[in-house]
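Presented below is the structure to which this report refers.
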Amino acid sequence: MQVVFRVDASREIGTGHLMRCLTLADALTPRGVTSRFVCRQHPGHLFDVVRRRGHALIELPGNQEAIAKGAGALAHAAWLGCDWRVDAEQTSAAIGQIDADWLIVDHYALDAAWEKRLVAPNRRLLVIDDLADRMHECDLLLDQNLVEDYDHRYDDKVPGRCAKLLGPEFALIQPVFAELRQRGRRTSGRIGRILIAFGGADANNMAGMAVQAFLSLRRPDIEVDLVIGSSSPHLEQLRQQIGGNSNVSLHCDLPTLAPLMARADLAVGAAGTMTWERLCLGLPALIVTLAKNQQPIAKSLQQHGLARWLGQDDSVRATDFEQALKEILDVGIDPEYVERAYAIVDGLGVGRVSARLMDAA
């Protein structure tokens, strides 16, 4: 069985789409599946990560003309880096000689118009989406998010034949999270270790603000793990910021956050794909939305008592982090949090999705 992924990573897009597709590809490999990735050469593309994970990569050219948002354009059209028709033509040419059983598309800038151009005999199409803001022409749709009306919001956006995998039951997180989850989370309510990780699209340097807020509290008794990508424009600034603070450790380009999440008592991060990893391990979080499309997720998490949402990144300040950290350090962790989180994500989603792909091929 052969699978092709059309997905991108960049400083603007972030890394979450690519990483969850890699998680799915890794899970398919032991089942005898060959996965290939078709990705565009955006700044921060992470091609080396794909190849290190053992998957073939077909590169689409970068430096395309910027796409102006016009009438009828998708909200995230500019993320593609070219006109969707050009992308469809280039993608079709890239996979033309591959007898793929599945084409898997994870891209906010692509919709039914693009998907119809990639239709081919004996090839099924899976769309991974989070937004429900456009039409799709696919055989299977996956949306792992917990948002209002999540089980019905695609009813008028996919064809009748399309099967839907909806909700955190299908969250694409690495199997190591489920393994660590089995050990359980021991918590006294006290916070002794904090994980700060905002992923690969932290344009406003929320990580730096969170570190600044923590340092202002003068708590040498608490350890902090700060995670950032080596391609981040804020890397050197962060190194200087934490210099001389032995209780703050900087980590770059980790293959997984699972061990750090398992050790942490509190996370500070975004409302993106790491949400489901944190919930799987019962890790409470202070979250900031880095894009408007993350707001429904953050709102739902807060309503269900699964995170504290501080706001959108362009409005959050270091004082907001400081106040939230001070409050939770004073009060401690809700003893019922772990049970609530465990009820949402069990870490077995990637196995469920893999099985559906294999059964339908």
Flag if Leu103 is under 23 Å from Lys292 (Cα atoms) and in contact (Cβ under 8 Å) with a residue 40 or more places away in the chain: no
Among the residues of segment 172-195, is any in contact with a strand residue (DSSP E or B) (Cβ under 6 Å, 6 or more places away or on another chain) and within 30 Å of Pro30 (Cβ to Cβ)? yes
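Would you confirm, using the coordinates I've provided, whether Thr319 is part of a loop (DSSP other than H, G, I, E, B) and not assigned by TED's automatic domain parsing to the domain that holds Asp149?
Details: part of a loop (DSSP other than H, G, I, E, B): no; not assigned by TED's automatic domain parsing to the domain that holds Asp149: yes.
No.
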Does segment 113-135 hold any residues that are under 17 Å from Ala73 (Cβ atoms) and touching a strand residue (DSSP E or B) at 6+ places or on another chain (Cβ under 9 Å), and which are they? Trp114, Glu115, Leu131
Search segment 217-237 for residues being modelled with pLDDT of 95 or more and touching a Ser or Thr at 6+ places or on another chain (Cβ under 9 Å), and hand back the single one that is surrounded by the fewest Cβ atoms within 10 Å (Cβ to Cβ). Pro220
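Inspect all residues belonging to segment 37-44 and state whether any of them is among the aromatic types (Phe, Trp, Tyr) and out of contact with any strand residue (DSSP E or B) (no Cβ under 7 Å at 6 or more places or on another chain). Give the derivation first.
Within segment 37-44, the subset among the aromatic types (Phe, Trp, Tyr) is 37.
Now drop any that are not out of contact with any strand residue (DSSP E or B) (no Cβ under 7 Å at 6 or more places or on another chain), which leaves none.
No - not one qualifying residue is present in segment 37-44.
Considering segment 149-166 alone, what residues qualify as being outside any loop (DSSP other than H, G, I, E, B) and either within 22 Å of the chain's Cα centre (by Cα) or of a type outside the set (A, V, I, L, M) (or both)? I'd like the intermediate steps shown before the answer.
Residues of segment 149-166 that are outside any loop (DSSP other than H, G, I, E, B), as a first pass: 163-166.
Once the filter is applied, which keeps residues that are outside any loop (DSSP other than H, G, I, E, B) and either within 22 Å of the chain's Cα centre (by Cα) or of a type outside the set (A, V, I, L, M) (or both), segment 149-166 yields Lys164, Leu165, Leu166.
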Right, Pro284: free of Cβ contacts under 8 Å to residues at least 60 places away in the same chain, crowded, with 22+ Cβ neighbours inside 10 Å, within 24 Å of Gly347 (Cα to Cα) and assigned by TED's automatic domain parsing to the domain that holds Leu215 or not? yes
Enumeration of residues in segment 209-239 that are within 24 Å of Thr15 (Cβ to Cβ) and not in a helix (DSSP H, G or I): Val224, Asp225, Leu226, Val227, Ile228, Gly229, Ser230, Ser231, Ser232, Pro233, His234
Please tell me if Ala201 is under 15 Å from the mean Cα position of the chain (by Cα), touching a residue at least 24 places away in the same chain (Cβ under 8 Å) and surrounded by fewer than 21 Cβ atoms within 10 Å (Cβ to Cβ). no
Can you name the number of the only condition in (1) within 30 Å of Asp48 (Cβ to Cβ); (2) touching a residue at least 60 places away in the same chain (Cβ under 8 Å) that Leu329 fails? (1)
From the list Leu146, Leu142, Leu195, which residue is part of a strand (DSSP E or B), touching a residue at least 60 places away in the same chain (Cβ under 8 Å), under 27 Å from Leu18 (Cβ atoms) and outside the structural domain of Leu325 (by TED's automatic domain parsing)? Leu142
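From the list Asp99, Asp48, Asp26, exactly one residue is among the charged types (D, E, K, R) and in a loop (DSSP other than H, G, I, E, B). Which is it? Can you show your working first?
Working: Asp48 fails: in a loop (DSSP other than H, G, I, E, B); Asp26 fails: in a loop (DSSP other than H, G, I, E, B).
Asp99 is the lone residue from the list that is among the charged types (D, E, K, R) and in a loop (DSSP other than H, G, I, E, B).
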When Ala75 is run through (1) within 22 Å of Thr29 (Cβ to Cβ); (2) surrounded by fewer than 20 Cβ atoms within 10 Å (Cβ to Cβ); (3) aliphatic (A, V, I, L, M); (4) more than 18 Å from the chain's Cα centre (by Cα), the failure sits at (1)
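Say we look at segment 1-23 and pick out the residues that are among the aliphatic types (A, V, I, L, M) and either in contact with a helix residue (DSSP H, G or I) (Cβ under 8 Å, 6 or more places away or on another chain) or assigned to a helix (DSSP H, G or I) (or both); which of these is farthest from Thr289 (Cα to Cα)?
Among those that are among the aliphatic types (A, V, I, L, M) and either in contact with a helix residue (DSSP H, G or I) (Cβ under 8 Å, 6 or more places away or on another chain) or assigned to a helix (DSSP H, G or I) (or both), it is Met1.
Quick one: would you say Leu172 is modelled with pLDDT of 95 or more and under 20 Å from Arg20 (Cα atoms)? Break it down into steps so the answer makes sense when it comes.
On the way: modelled with pLDDT of 95 or more: yes; under 20 Å from Arg20 (Cα atoms): yes.
So Leu172 fits the description; yes.
Just checking, which of Leu235, Leu260, Leu250, Leu215 is touching a residue at least 12 places away in the same chain (Cβ under 8 Å) and touching a His at 6+ places or on another chain (Cβ under 8 Å)? Steps first, please.
On the way: Leu235 fails: touching a His at 6+ places or on another chain (Cβ under 8 Å); Leu250 fails: touching a His at 6+ places or on another chain (Cβ under 8 Å); Leu215 fails: touching a His at 6+ places or on another chain (Cβ under 8 Å).
When all the criteria are applied, what remains is Leu260.
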How many residues are under 21 Å from Arg308 (Cα atoms) and part of a helix (DSSP H, G or I) if we restrict to segment 337-351? 6
Among (1) among the aliphatic types (A, V, I, L, M); (2) surrounded by 18 or more Cβ atoms within 10 Å (Cβ to Cβ); (3) under 15 Å from Lys164 (Cα atoms), which single condition is Ala100 missing? (3)
Residues located in segment 299-320, provided they are small (Gly, Ala, Ser), buried (at least 20 other Cβ atoms within 10 Å of the Cβ) and within 10 Å of Met206 (Cβ to Cβ): none
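The values are calculated or read from the model by the stated rules, or taken from the named source; none is laboratory data. These figures come from a predicted structure and were not determined experimentally. Cβ atoms come from the backbone with ideal geometry, glycine included; neighbour counts cover every protein chain shown.
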